[in-house]
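See below for the structure under consideration.
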Amino acid sequence: MNAKLIRELERRLGRDSVLSQREDLLLYEYDGSVEVARPECVVFPRETRDVADIVRLANQYETPIVGRGAGTGLSGGALARDGGIVIGFSRMNRILEVDAENQRAVVQPGVVNLDLTRAVEHLGLYFAPDPSSQKSCTIGGNVSENAGGPHTLASGVTANHVTGLEIVLPEGRVVRIGGKTTETPGYDLTGLLVGSEGTLAIVTEITVRLTRKPEAVKTLLAVYEAVDDATESVVEITCRGITPAACEMLDGWTLRTVEDFVHAGFPRDSAAVLLLEVEGLAEAVEEQAAEISAVCLEKRAREVRVARDDRERDLLWKGRKNAFGAIGRLSPSYYVQDGVIPRTKLPQTLRRIEEIGRKYSFRIGNIFHAGDGNLHPLILFDPRHPGEFERVVAASGEIIAHCIEMGGALTGEHGVGMEKNELMPLMFTPGDLALMRRVRDAFNPTGRLNPKKMFPLGKGCGEVRVQPMPVSSSLPA
Amino acid sequence: MSSMAEASLARLERIAGPAAILGDAALLAAYDVDGARPAAAVRPADAATVAEIVRFADAENLALIACGARTKLGIGAAPSRYDVALDLSRMNRILAYDPGDLTLGVEPGITLADLRRALAEHGQFLPLESPFASSATVGGTIAANAISPLRQAFGGPRDFVLGMEFVTGAGEAAKGGGRVVKNVTGYDLHKLLIGSLGTLAVITRVNFRTFPLPAEERAFLAAFPGSESALSFCRAIVHSPLEPRRVEALDAAAMGLLGLAPAEAASAEDIWCVLVDVAGTSGIVARHERDLERLARHAGAKQFSALEAADREKHLARALEFPRYATERSPEAVLVRIAALPAAMPALAAESRRIARSNALESALLLPAGGFAYLALSPREPGAGALGSLANALSEFFKTISGSALHARAMVESCPAELKRKISLWGPPRGDFELMQRVKETFDPRDVLSPGRFCGGI
């Protein structure tokens, strides 16, 4: 990279705000995905003005820019695929305003998801999107990827909780879109920006909706002797119009792996468990919990356990949210998919995933957001074995193709990034993609903002990822 | 009336088929927008024909305005050009409905009323409600982003529309989003179309998530001695664990306009009413009744009562139709749609009333929960000075809300066509206007769709 640019960045931001040594950059060539790409420098702005200056300098030197929060993303969204500058938001981590009366907060993008909830808890409020990585992932990253989480079933994904943004456009101009009010006149630019994976603008400030903590919560664990019974329970719960706050499924292999690590209380001898939560008015919670129990038992659940207290509830959720870490202990590497299917198609889809696993001789674990049909099949593999990663890509391609065939989607919450960009034509026509490209070009005409993401580059699937690396500590939602 | 060459009209007829209306001024009058009359109205039956019509208009440099039941065509600035009305009312099919999955895909021309009946057969509903409820279509309601009174409880279309298919101003068919309840693949282009007044693309399909109908419903009406106490009741509800479906605060003028007099002290000008609708099982409804009454009394309610079933229907239906009542009462009526922070509502109510009085205007306010308000203005005395008073009041109103702590945003949703030429319906332009222009250029580079009708002349 141009040494002059690095010197200019150092002069503008201070030497302690710019990393350009090879050993420092190594940390930033990964995120939570299996992808690798090294930036040429990493800069740490403290305020919007810094970001605007960085962007202007990058323009002057025609250098790509990629924003990065905590690097927990699962689709390579925060990786510098074309090199250039990574803007790390770890120092822009202030909560600028909490407006309890209007249930809003204004935050910088580097604020950690759970830190916002902790800061407003005493007011009886919380920030609803809860990706499993919420202890480390940032709200800026959540906005870029439109992150979900187990509790998005009832409360919606990040997009449903963002009302306004301050953005820096690729030409260095700072613009405010949306605001604190529920809507603002004009096109819903905030709706477009959330989930645009850093390809349209750099977000420097976020206005979020805060949610009132529910009066009552009940957490249930339904234990099954057969996977089909668990998936059929989910279908029946959905059909009856019951919307739990969360409805997560773990299959037998996955729950045993988690249990050995976390000791959450999942029965090791079961074939599947559903982790369900209902929240709201005390009366509603009682009724819904009873109804859900009845459905699960009707669908041959061996047992439906209700968490007796917060400790037991926290333990069950710890099991769910730390599952990926647990699996990382067993396998040199794993590959996780994020496809979505209509919820009524769960039973046949899980059977199909099992078939695909057998066909390619892979162990595929399933731990996912069953309530909204968002699958996370985990394919365990060893990247040191030649050819194995290619087979993983082929197997996961078959799973994704099945999802799309069922009328589903490529990704429910992890984003497209540089991981699924070649698969976009499965879901979108050339016309759809051409329009999306034009929208990108309208905001990001030089393409220097997060280059080579989201859109297919025209390479065949499987050719793209040639450097799989072991992943063991990422915490997908 | 727009003039189109005979040859052009003939080609359009070949594309659009026999349902087209060509050159018949009497029939075309139904498609007038702010006094402008198109030369033709076409009524395509499918998305492919829509694309062909838009491509034709693009090639011939014609301006199109898409419409459904034409109940919201008064929203937006007067068109700068208008040649062809693109009437989507024949595209009224349910394309996919999976009750078990609570997902739905429909054409834009289906009416909300027909859709409600179809969903009710499966014990479901869509929280998309709109004034002109008996004829309003899905496409028009989405394009105008009508404020549904269910918004606080279920969110707006942005929250429950899963995806859309549409035809851009260049005549290209495209889509955004998908058909499943969770999806982050690609840009959410469909969100741009919500509230775009047809200026970006013609919607040809909307995919929704649906919701189960509740077991029981009950509505309550509370009367308060002024806006402060009424709005403090509304705030207390928002900050309570209660989950009502609808909460609407109305001033005495709004109650009068809707023909709903509170039982108590109908004549007192400062009476405010709050209408609350709740739903759920009997236990949940009973809990709401107990808590709502306590909160209402605590806020200073003079009266709190449950409404009988027929009375409930009447109150809910009329409150939903407030924009219609407000605009139909006089040819000079003005309706302003406001988004504001809940904490600012009392000040907003007071300021609105002050501005109306100082300009010799009648005002009525309806405040749906979730940070919205409708302000209806009309001259006390119709006549020559009326438009001037309205223009003054609106400019004063925009001045008051911008740059104050009110944090309010507003647009004039309805006003006399003459007034549209004098004022900016959206108030002063904001910093993101240039981005909106870029979006418009991307979707409709040659200004084929509803030119001039959106903010800043887009």
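Under 8 Å for C-alpha pairs, at least 6 residues apart: give me the relative contact order for the range B:323-420, rounded to a whole percent.
The value is 41 percent.
State the volume of the convex hull built on the alpha-carbon positions of chain A, expressed per residue in Å³ and rounded to an integer.
That works out to 143 Å³ per residue.
When you look at the Cβ of every residue in A:428-438, what mean number of other chain Cβ atoms sits within 10 Å?
Mean shielding by partner chains, rounded to a whole number: 5.
Find the centroid of the Cα atoms in the range A:20-74 and in the range A:185-258, then give the distance between the two in whole Å.
About 30 Å separates the Cα centre of the range A:20-74 from the one of the range A:185-258.
Let me know the whole percent of all Cα-Cα pairs from the range A:1-126 that are separated by more than 25 Å.
That fraction is 32 percent.
Short version: ³J(HN,Hα) in whole Hz for each residue of the range B:125-139, in order, from phi by Karplus 6.51 cos²θ - 1.76 cosθ + 1.60 (θ = phi - 60°), x for Gly and Pro, what are they?
8, 10, x, 10, 10, 8, x, 6, 4, 6, 10, 4, 9, 4, x
Hey, what do the phi angles of the range B:152-162 turn into as Karplus ³J(HN,Hα) couplings, whole Hz, using 6.51/-1.76/1.60 and θ = phi - 60°, x for Gly and Pro?
4, 7, 10, x, x, x, 3, 8, 10, 7, 8
Rounded to a whole number, what is D in µm²/s for the range B:323-420 from Stokes-Einstein with the Kirkwood radius over alpha-carbon pairs (20 °C, 1.002 mPa s)?
Reported coefficient: 162 µm²/s.
Roughly how many whole Å is it from the C-alpha centroid of the range B:89-110 to that of the range B:402-458?
So the two Cα centres are separated by 31 Å.
When N counts the residues of the range B:216-319, how does its alpha-carbon radius of gyration compare numerically with 2.2 N^0.38 Å, as a ratio?
Output field value: 0.98.
Give me the mean projected area, in nm² to one decimal, of the convex hull enclosing the Cα positions of chain B.
Mean shadow area of the hull around the Cα atoms is 21.6 nm².
Fewest to most neighbouring Cβ within 10 Å: what's the order for B:Ser352, B:Ser135?
B:Ser135, B:Ser352
What does the charge dipole of the protein assembly as shown about its Cα centre add up to, to the nearest 20 debye, if the Cβ of each Lys and Arg holds +1 and the Cβ of each Asp and Glu holds -1?
Approximately 1340 debye in magnitude.
How large is ³J(HN,Hα), in whole Hz, for each residue of the range B:299-313 in order, when computed from phi with the Karplus curve 6.51 cos²θ - 1.76 cosθ + 1.60 and θ = phi - 60°, using x for Gly and Pro?
Coupling constants for the range B:299-313: 7, x, 5, 8, 7, 8, 8, 7, 9, 4, 3, 5, 5, 4, 3 Hz.
Starting from the Cα-Cα distance between B:Glu434 and B:Ala113, subtract it from 0.36 nm times their residue separation and give me the gain in nm to one decimal.
111.8 nm
Cβ under 15 Å from A:Gly140's Cβ, A:Gly140 left aside: what net charge do those residues give with Lys, Arg +1 and Asp, Glu -1?
Net of charged neighbours comes to -4.
Which ordering of B:Ser89, A:Ser90, A:Ser396, B:Ser358 is given by a fewest-first count of other beta-carbon atoms within 10 Å?
B:Ser358, A:Ser90, B:Ser89, A:Ser396
Hey, got the average number of other protein chain Cβ atoms within 10 angstrom for residues in B:430-443?
So the per-residue partner count for this stretch is 6.
Rank the residues A:Cys41, B:Cys67 as a footprinting-exposure proxy: fewest other Cβ atoms within 10 Å of their Cβ go first.
A:Cys41, B:Cys67
Using the Cα centre of chain A as origin and beta-carbon charges of +1 (Lys, Arg) and -1 (Asp, Glu), tell me which of A:Pro332, A:Thr163, A:Gly357 is placed farthest towards the positive end of the dipole.
A:Pro332
Any idea how many Lys pairs in chain B come in under 17 angstrom at the alpha carbon, given 8 or more places apart or on separate chains?
Final tally of qualifying lysine pairs is 6.
Rg and Dmax of the protein assembly as shown, Cα atoms, in Å?
27.8, 87
What base-10 log of the normalised intensity I(q)/I(0) is obtained for the range A:382-429 from the Debye formula, alpha carbons as equal point scatterers, at q = 0.18, 0.19, 0.27, 0.32 Å⁻¹?
Log10 I(q)/I(0), no solvent term: -0.61, -0.67, -1.06, -1.23.
What Kirkwood Rh does the range B:379-458 have if only Cα atoms enter the pairwise 1/r average? Answer in Å.
14.5
From the Cα trace of the range A:193-307, what convex hull volume per residue do you get, rounded to a whole Å³?
Convex hull volume per residue, Cα atoms: 163 Å³.
How big is the Cα convex hull of the range A:250-315 in projection, averaged over all directions, in nm²?
4.7
For the range A:138-234, go through all pairs of different Cα atoms, get the mean of 1/r, take its inverse, and jot down that Kirkwood value in Å.
With all distinct Cα pairs of the range A:138-234 included, I get 15.7 Å.
In whole angstrom, note down how far apart the Cα centers of the range B:1-62 and the range B:207-256 are.
Cα centres, the range B:1-62 to the range B:207-256: 44 Å.
Per-residue counts of other Cβ atoms within 10 Å, averaged by peptide: what ranking do you get for B:284-296, A:221-233, highest first?
Ranked by mean Cβ neighbours within 10 Å, highest first: A:221-233, B:284-296.
Which of the listed residues, A:Thr117, B:Ser134, A:Pro64, is farthest toward the dipole's positive end in the protein assembly as shown, when Lys, Arg count +1 and Asp, Glu count -1 at the beta-carbon?
It is A:Pro64, whose Cα lies furthest towards the positive end.
Take each of the peptides A:148-160, B:216-228, average the number of other beta-carbon atoms within 10 Å over its residues, and list them starting from the highest.
A:148-160, B:216-228
Values quoted throughout were computed directly from the atomic coordinates according to the rules given, and no laboratory measurement underlies them. This one's a predicted model, so the numbers in the text were calculated from it and none came from an experiment. For neighbour counting, all protein chains shown are included, and Cβ atoms are generated from backbone atoms with ideal geometry for every residue, glycine included.
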